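Everything on this sheet refers to the single structure shown next.
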Amino acid sequence: HAWIVTYLIWSNESTPPSSPDHVYNAHPEYLMEDNAGNKYLAEGYYIDPGHPGGQEWNYNVVMDLVSNYDIDGIHFDYIRYPQRNSGYNPTAIQRYNDEYGLSGQPDYTDAQFSDWRRRQITEWLRNTYVDVVAVKPNMEVTAATFSDRSDAYIYRFQDWAKWMDNNILDANMPMNY
């Protein structure tokens with residue numbers, strides 16, 4: 001199984017990656033922000049699931065692995081937002097506002113905005129899962145999730161129960177440590 005760090009892309013706060021091809025350097029516009037504009041969140045820098053370019057970047061990585069390597073599984077780690085007040089990439093906020101006819105910055109506790117962030121991850125996983133198993137029908141797709149359902153759902157926007165119910169995840173690996 002290929003282990004993929006899905007949205008976390010760099011963990012060193014003070015030293016950026018040296019490669020100009022690293023997604024951090026090649027596409028800084030994909031970086032997630034918190035509601036105060038900080039880009040270093042929790043344990044590092046993340047691609048924002050609300051940015052279509054970031055989602056495409058992750059999708060392309062997955063499909064490259066599935067198409068070009070002899071693997072029988074994909075395991076998604078860090079398939080989440082790092083904290084409740086994250087997901088404020090300007091493109092993500094513009095998409096959210098356009099979808100709902102709003103303006104400005106939503107409050108991080110807003111239920112509609114929380115649902116929207118959950119949907120960004122769920123839809124990416126749904127679309128990716130379908131394409132993964134189209135290439136390799138016996139591929140197993142798994143994810144590391146927060147074991148506390150409320151924490152996962154409210155603070156990380158992981159809807160792993162829905163992922164399992166909708167058969168877009170073959171196994172859920174709760175992080176019980």
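Dividing the mean sequence gap of close Cα pairs (under 8 Å, 6+ apart) by how many residues the chain holds gives a relative contact order of 24 percent. Just need log10 I(q)/I(0) for region 106-169 at q = 0.17, 0.18, 0.24 Å⁻¹, Debye formula, equal scatterers on the alpha-carbon atoms, no solvent, rounded to two decimals. Log10 I(q)/I(0), no solvent term: -0.61, -0.67, -1.01. Per residue, the accessible area of the chain comes to 48 Å², computed with a 1.4 Å probe over protein heavy atoms only.
Between Thr15, Thr145, Thr91, the Gaussian network model of the chain with springs among Cα atoms under 10 angstrom shows the greatest mean-square fluctuation at Thr15.
Protein heavy-atom surface of region 128-177, 1.4 angstrom probe: 51% of the accessible area is carbon and sulfur, with nucleic acids and ligands not counted.
For Cα pairs less than 8 Å apart in space and 6+ apart in sequence, what is the mean separation divided by the residue count of region 95-174, i.e. the relative contact order in percent? Numbers along the way, then the final one.
Numbers: 67 pairs, mean separation 23.8, N = 80.
That works out to 30 percent.
Computed on region 58-137, with alpha-carbon pairs under 8 angstrom and 6+ residues apart, the relative contact order is 39 percent.
Restricting to the chain, compute how many DSSP beta bridges are antiparallel as a %, nearest 5.
Numbers: 5 of 18 bridges.
Among the beta bridges of the chain, antiparallel pairing accounts for roughly 30 percent.
Over the Cα atoms of the chain, each weighted equally, I'd like the Debye log10 I(q)/I(0) at q = 0.10, 0.13 Å⁻¹, rounded to two decimals. For the chain, the Cα-only Debye profile gives -0.37, -0.64. Note on region 5-62: Cα Rg divided by 2.2 N^0.38 Å, N the number of residues, gives 1.04.
Pop out the carbon and sulfur fraction of the accessible area of region 1-100 as a percent, whole number, probe 1.4 Å. Please report the intermediate quantities before stating the final value.
On the way: 2140 of 4580 Å².
Of all accessible area on region 1-100, carbon and sulfur atoms account for 47 percent.
The values are calculated or read from the model by the stated rules, or taken from the named source; none is laboratory data. Small disclaimer: the values here were computed from a predicted structure and weren't measured. The accessibility values were calculated without ligands, DNA or RNA, using every heavy atom of the protein model including side chains. Shrake-Rupley method; radii C 1.70, N 1.55, O 1.52, S 1.80 Å.
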